[in-house]
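Input: a single structure, listed below in structure tokens.
The values are calculated or read from the model by the stated rules, or taken from the named source; none is laboratory data. Keep in mind that this is a model prediction, so the values were computed, not measured. Every residue, glycine among them, receives a Cβ derived from its backbone with ideal geometry; neighbour counts consider all protein chains shown. Protein only, heavy atoms only, side chains kept; ligands, DNA and RNA dropped before computing areas. Shrake-Rupley method; radii C 1.70, N 1.55, O 1.52, S 1.80 Å.
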Amino acid sequence: MFFLYNVLLVLASQVVKILALFSPKIKLFVEGRKTVFETLTAKIKSEDKTIWFHAASLGEYEQGLPVMEKIKKEFPHHKIILTFFSPSGFEVRKNNTIADATVYLPLDTKSNAKRFLKLVHPDLVFFIKYEYWPNYLNALKKANIKTFLISGIFREKQAFFKWYGGFYRNALNTFDYFFVQNESSKKLLQSLGYQNVKISGDTRFDRVVSILDRDNSLDFIEQFKDNTTTIVIGSSWPKDEALLINFINQADANVKFIIAPHNIKTEQILNLKLQLTKSTVLFSEKENQNLAEFQVFIIDTIGILTKIYRYADIAYVGGGFGNPGVHNILEPATFGIPIVVGPNYSHFAEATALVNMEGCISISNQSELNDAFANLISNENIRHEKGHICETFVQMNKGATEVILRHIRNK
């Protein structure tokens, strides 16, 4: 099986080079890996002490950030090496200030794993949530390098727990310790014989709680809001927007809308603007405008949505009409805002919990969206009640980072 895996990996590496000719995202995936070893050679000396964090994409980076920040303080003489698998993570966070070197993870071949570990020579390794690359994990095991999984989550449908999953189960032998999000993940690992597992919770709660300690003010959003009830629509997709546009176009003038689409390609932003009948301004054209005069503000840039949630009276988080489902609801939740999402949220424990607790409202059609918004807009007490549920939920679930650090300190 391992031989077959390596053969398929070589074939896949050739296929993606061809696909890169037609896909900008895959081109970034391929081109970004060409200079990884040069970058590491330039930034890491043989005498340096290092700690390696691996994140699949942007969500896992945000999940691991609280641990990275604490580790950097606990090990001030170590360099932090951060790798990403996906361009959607690397391209957004390649200029982060937490890591001393941020690169794509080279494809999981034996030669790449050997070369990577020789250059990085980490004392500790943290894989965030998931991604189990057999050649890297085997190399870590052979080198006797302490390796941890943080904010891990396991489900019965994963290959580890199937009759044919022996190859995948072997990859788990590498980890010195598993820090998982919930009881079901712990029980699944224990069913495979692993006792080196602890429920730490989800480090994303620590991440979003820390947001409250920073300056989240945005003058231009404050000017646009102008003390008006405001609905912030974050990470929306076309299926979300089809319903939202209908509501916005018939909304009263005493409600404002900020839309931060998941995709900010120019043609899609312009198409969105053209469908809106209300006075609309784009972030890219906000200069020299009296923003208070507009009813809709489209954010055609990235990196400021979290701060924008601070100004929301109601939040709609997109993705709930697609797969795997709704985007991050914890960022608006930490600000104590009632949240509306689409029907596909069950893949995410925090969304399921908040829907069950009624801090978050799930809608599946136009009528339900209209009713949810109308009720929240007209009833300030309901807004505050649901927002308080969301805020309390976040505060009650913080602390995963400290559980992990306590274990590291004691080893």
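Residue by residue, here is whether (1) over 20 Å from GLN275 (Cβ atoms); (2) open to solvent by 20 Å² or more (accessible area, probe 1.4 Å); (3) assigned to a loop (DSSP other than H, G, I, E, B) holds:
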| site | (1), (2), (3) |
| --- | --- |
| ALA292 | yes, yes, no |
| ASP300 | no, yes, yes |
| GLY303 | yes, yes, yes |
| ILE308 | yes, no, no |
| PHE321 | no, yes, yes |
| PRO324 | yes, yes, yes |
| ASN328 | yes, yes, yes |
| ASN344 | yes, yes, yes |
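Considering the conditions (1) of a type in the set (A, V, I, L, M); (2) open to solvent by 20 Å² or more (accessible area, probe 1.4 Å); (3) closer than 30 Å to TRP163 by Cα, VAL209 is excluded by exactly one of them, (3). In region 76-100, the residue that is farthest from ALA139 (Cα to Cα) out of those that are crowded, with 20+ Cβ neighbours inside 10 Å and aliphatic (A, V, I, L, M) is ALA99. Considering region 188-206, and only residues there that are small (Gly, Ala, Ser) and closer than 15 Å to ILE128 by Cα, the residue that is surrounded by the most Cβ atoms within 10 Å (Cβ to Cβ) turns out to be SER200.
Apart from one condition, GLY336 fits all of (1) modelled with pLDDT under 95; (2) crowded, with 18+ Cβ neighbours inside 10 Å; the exception is (1). Would you say PHE167 is more than 19 Å from ASN6 (Cα to Cα) and in contact (Cβ under 8 Å) with a residue 12 or more places away in the chain? Spelling it out, it is not the case that PHE167 is more than 19 Å from ASN6 (Cα to Cα) and in contact (Cβ under 8 Å) with a residue 12 or more places away in the chain.
Out of curiosity, is LYS239 more than 28 Å from the chain's Cα centre (by Cα), modelled with pLDDT of 95 or more, open to solvent by 30 Å² or more (accessible area, probe 1.4 Å) and not polar (S, T, N, Q)? Criteria not met by LYS239.
In region 24-41, how many residues are part of a helix (DSSP H, G or I) and either surrounded by fewer than 14 Cβ atoms within 10 Å (Cβ to Cβ) or of a type in the set (Phe, Trp, Tyr) (or both)?
Here the count works out to 7.
Checked against (1) more than 22 Å from ALA143 (Cβ to Cβ); (2) open to solvent by 20 Å² or more (accessible area, probe 1.4 Å); (3) among the hydroxyl-bearing types (Ser, Thr, Tyr), TYR61 meets all criteria but (2). With a requirement of 1 or more residues that are in contact with a Lys or Arg (Cβ under 6 Å, 6 or more places away or on another chain) and either closer than 27 Å to VAL7 by Cβ or among the aromatic types (Phe, Trp, Tyr) (or both), the helices (runs of 4 or more DSSP H) lying completely within region 42-140 that satisfy it span 58-74, 87-93. Checking ILE44, ILE51 one by one, the residue that is surrounded by fewer than 21 Cβ atoms within 10 Å (Cβ to Cβ), in contact (Cβ under 8 Å) with a residue 40 or more places away in the chain and among the hydrophobic types (A, V, I, L, M, F, W, C) is ILE44 and no other. Inside region 231-252, residues that are farther than 14 Å from LEU276 by Cβ and either in a loop (DSSP other than H, G, I, E, B) or in contact with a Cys (Cβ under 6 Å, 6 or more places away or on another chain) (or both) make up a count of 2.
Checked against (1) crowded, with 18+ Cβ neighbours inside 10 Å; (2) under 22 Å from GLY89 (Cα atoms), LYS265 passes all but condition (1). Reported count of residues in region 168-187, each being open to solvent by 30 Å² or more (accessible area, probe 1.4 Å) and either at positive phi or touching a helix residue (DSSP H, G or I) at 6+ places or on another chain (Cβ under 9 Å) (or both), is 7. Of all the numbered requirements in (1) in a loop (DSSP other than H, G, I, E, B); (2) open to solvent by 10 Å² or more (accessible area, probe 1.4 Å); (3) in contact with a Lys or Arg (Cβ under 9 Å, 6 or more places away or on another chain), LYS256 misses one, and that requirement is (1). LEU276 meets the conditions (1) within 22 Å of ILE377 (Cβ to Cβ); (2) without any contact (Cβ under 8 Å) to a residue 40 or more places away in the chain; (3) open to solvent by 20 Å² or more (accessible area, probe 1.4 Å); (4) of a type outside the set (S, T, N, Q) in every case but one. The failed one is (3). Assessment of region 382-400 against the conditions (farther than 26 Å from ASN227 by Cβ and basic (Lys, Arg)) yields at least one matching residue. For region 359-382, indicate whether the set of residues that are part of a helix (DSSP H, G or I), surrounded by fewer than 18 Cβ atoms within 10 Å (Cβ to Cβ) and within 21 Å of the chain's Cα centre (by Cα) is non-empty. Looking through region 359-382, none of the residues is part of a helix (DSSP H, G or I), surrounded by fewer than 18 Cβ atoms within 10 Å (Cβ to Cβ) and within 21 Å of the chain's Cα centre (by Cα).
Restrict the check to region 193-205 and report whether at least one residue is without any contact (Cβ under 8 Å) to a residue 40 or more places away in the chain and in a helix (DSSP H, G or I). The answer is no; no qualifying residue exists.
Quick check: is even one residue across region 113-128 without any contact (Cβ under 8 Å) to a residue 24 or more places away in the chain, closer than 26 Å to LEU9 by Cβ and surrounded by fewer than 16 Cβ atoms within 10 Å (Cβ to Cβ)?
Yes; the residues of region 113-128 include at least one that is without any contact (Cβ under 8 Å) to a residue 24 or more places away in the chain, closer than 26 Å to LEU9 by Cβ and surrounded by fewer than 16 Cβ atoms within 10 Å (Cβ to Cβ).
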